[in-house]
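**Q** Mind looking over this structure? Questions follow.
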Amino acid sequence: MSRLELLVDRDGPLTRAAVLTDGRLTDLHIDHAGRPSLLGAIILGRVERIATGLNGAFVDLGNGLSGLLPAADVRRPILDDAPPHSRPHRPGAKQAPIGALLRTGQPVLVQVKADAAGAKGPSLTMDITLPGRFLVHAPLGRDIAVSKRLGSGPERATLARRIEQLATGAGWIVRAGAAQISDDLLAAESEALHLQWRAIRDDARAGSAPRLLHPGPDAPTRALIEQGAAAPAAILVDDPPPADGIRIGDGPLLSGLRDWCGNHAPDLLPRLGGHTDAQRLFDLRDLDSAIAELLDIRVPLPLGGSLVIERTEALTVVDVNAGERGNPLDVNLDAATEIARQLRLRNVGGIVVVDFVNMRSRGDAERVLAALSQAVESDPVQTQVYGMSKLGLVELTRARRGTPLAALLRP
């Protein structure tokens, strides 16, 4: 079984959380103090303007920032205990006009589902969700939805019945890894998420808009949430030394992570500890150079050949080069695994086009497509492989979430 580790440090304005699988960097989360992300934040906003042409509303989020709330993401009521009258918009169903749903000046409880990108502001929804490692609380819903990754067998129904008996409140999305988790841990997480929602809701009722009610998870917390049931064997935190050189107790990174684990992941507390070596943790594990390599357009493949990854305004293009290796199928199968890893580490979003090495048969092409689909399955960000075009190009999309790595690390 693979050994997972989570290493956390602060480097200037960057808070970094790196997940290593058997010593190799497989996931990376970074917060930039000067470019804060709002992804996942829950905000009591105020409708600033109805945009009839977009069938949406611009919502004032405070601090001079506004985001777009599409009509399909409007839910009512929000700030009371009654179940919501409106359901999520179904594809193909007629959508009510935004003017019939919201009015200018109205307070709305929204969550940021995508950060601002270029000239576009944040994308908003009123479908509030609070993510945990095994469960996601959707407090405005009434159903229990089980991850599609569990297939369509009886295990899905069994897991749904378990959660119905264990969970506090209504509205739950059950992650695939929950099937292997004890009842005690599932019940504890559901209680913690439900209490979190009650505090947010009560805060929303108590004050005026716009204001931030609940920030999105920080880099270390995101790393633990996205690992789900695959808990790290060790969590090491390298807090920067205090200005006076004297530290009493935990540093701020370790203290924050200890508090979060105490409330949401008590099983991880014994695995959490501070880095005490004189050499910096990321230096010791050679992670600075591994992160720097993620800014390079050329990526060597483990067994020969390479990828060239280039970002344009409209899409990301990945070119697979065979180098001196003679078998196109072997090169492309290696490339499929590395492409999935690179998209995740670089936080690439939007349209991705891959030009694999030309293959000899349709069967080989199908094997490569299957390998790529399997490689992106574990990505917590929704990633869809659409197939191969007549020109031999493979098309896929990856949902935009947060800021791409290149933008976070630029000077």
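The values are calculated or read from the model by the stated rules, or taken from the named source; none is laboratory data. For clarity, every value in this text was computed on a predicted model and none was experimentally measured. With ideal geometry, Cβ positions are generated from the backbone for all residues, glycine too; neighbour counts draw on all protein chains shown. Just so you know, the surface numbers come from the protein's heavy atoms only, side chains and all, with ligands and any DNA or RNA stripped out. Shrake-Rupley method; radii C 1.70, N 1.55, O 1.52, S 1.80 Å.
**Q** Which members of the range 379-411 meet the condition of being among the charged types (D, E, K, R), in contact with a helix residue (DSSP H, G or I) (Cβ under 8 Å, 6 or more places away or on another chain) and free of Cβ contacts under 8 Å to residues at least 40 places away in the same chain?
**A** Filtering the range 379-411 for residues among the charged types (D, E, K, R) gives 379, 390, 395, 398, 400-401, 410.
Among the residues that remain, those that are also in contact with a helix residue (DSSP H, G or I) (Cβ under 8 Å, 6 or more places away or on another chain) are: 379, 398.
Selection gives ASP379 alone.
**Q** Could you give me the residue pairs with C-beta distances under 9 Å whose first residue belongs to the range 1-24 and is on the phi > 0 side of the Ramachandran plot and of a type outside the set (Gly, Ala, Ser), whose second residue is open to solvent by 50 Å² or more (accessible area, probe 1.4 Å) and part of a loop (DSSP other than H, G, I, E, B) wherever it lies, and which are 6+ apart or on separate chains?
**A** Close Cβ pairs satisfying both conditions: ASP22/SER2; ASP22/ARG3.
**Q** If a residue must be in a loop (DSSP other than H, G, I, E, B) and either of a type in the set (D, E, K, R) or without any contact (Cβ under 8 Å) to a residue 40 or more places away in the chain (or both), how many such residues does the range 107-154 contain?
**A** Start the filter on the range 107-154 by keeping residues that are in a loop (DSSP other than H, G, I, E, B), which leaves 115-116, 118-119, 121-122, 126-129, 132-134, 138-143, 147, 151-153.
Restricting the remaining residues to those that are either of a type in the set (D, E, K, R) or without any contact (Cβ under 8 Å) to a residue 40 or more places away in the chain (or both) gives 115, 118-119, 127, 133, 138, 142-143, 147, 151-153.
Final tally of qualifying residues: 12.
**Q** Next question. Which one is nearest to the chain's Cα centre (by Cα) among residues in the range 164-201 that are among the hydroxyl-bearing types (Ser, Thr, Tyr) and under 12 Å from ALA138 (Cα atoms)?
**A** The selected residue is SER190.
**Q** Report, by residue number, each residue of the range 6-37 that is of a type in the set (Lys, Arg) and exposed (fewer than 15 other Cβ atoms within 10 Å of the Cβ).
**A** Answer for the range 6-37, where residues must be of a type in the set (Lys, Arg) and exposed (fewer than 15 other Cβ atoms within 10 Å of the Cβ): ARG24, ARG35.
**Q** I need the full set of residues from the range 181-210 which are open to solvent by 70 Å² or more (accessible area, probe 1.4 Å), of a type in the set (Gly, Ala, Ser) and assigned to a helix (DSSP H, G or I), in order please.
**A** Listed by number, the list holds a single entry, ALA206.
**Q** Still on this structure, I have one more. Mind checking which residues of the range 20-41 are hydroxyl-bearing (Ser, Thr, Tyr) and not in a strand (DSSP E or B)?
**A** Selection gives SER37 alone.
**Q** I'd like to know if the range 389-396 contains one or more residues that are within 24 Å of GLY177 (Cα to Cα), open to solvent by 30 Å² or more (accessible area, probe 1.4 Å) and hydroxyl-bearing (Ser, Thr, Tyr).
**A** So far as the range 389-396 goes, no, none of its residues is within 24 Å of GLY177 (Cα to Cα), open to solvent by 30 Å² or more (accessible area, probe 1.4 Å) and hydroxyl-bearing (Ser, Thr, Tyr).
**Q** Would you confirm whether or not the range 211-228 contains a residue that is acidic (Asp, Glu), part of a helix (DSSP H, G or I) and either modelled with pLDDT of 95 or more or within 24 Å of ASN347 (Cβ to Cβ) (or both)? First the steps, then the outcome.
**A** Filtering the range 211-228 down to residues acidic (Asp, Glu) leaves 218, 226.
When the remaining residues are screened for being part of a helix (DSSP H, G or I), the result is 226.
Restricting the remaining residues to those that are either modelled with pLDDT of 95 or more or within 24 Å of ASN347 (Cβ to Cβ) (or both) gives 226.
Yes: the range 211-228 contains one or more residues that are acidic (Asp, Glu), part of a helix (DSSP H, G or I) and either modelled with pLDDT of 95 or more or within 24 Å of ASN347 (Cβ to Cβ) (or both).
Residue-wise test of (1) over 24 Å from THR26 (Cα atoms); (2) open to solvent by 20 Å² or more (accessible area, probe 1.4 Å).
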residue: GLU313; (1), (2): yes, yes
residue: GLY323; (1), (2): yes, yes
residue: ASN327; (1), (2): yes, yes
residue: ASP330; (1), (2): no, yes
residue: LEU333; (1), (2): no, yes
residue: GLU338; (1), (2): no, no
residue: GLN342; (1), (2): no, no
residue: ASN358; (1), (2): yes, yes
residue: ARG367; (1), (2): no, yes
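**Q** Something else now. Mind listing whichever residues of the range 26-55 are within 22 Å of GLY402 (Cα to Cα) and free of Cβ contacts under 8 Å to residues at least 60 places away in the same chain?
**A** ALA33, GLY34, PRO36
**Q** Can you say whether VAL381 is aliphatic (A, V, I, L, M) and touching a Lys or Arg at 6+ places or on another chain (Cβ under 6 Å), as far as the supplied structure shows?
**A** When the stated conditions are applied, VAL381 passes them.
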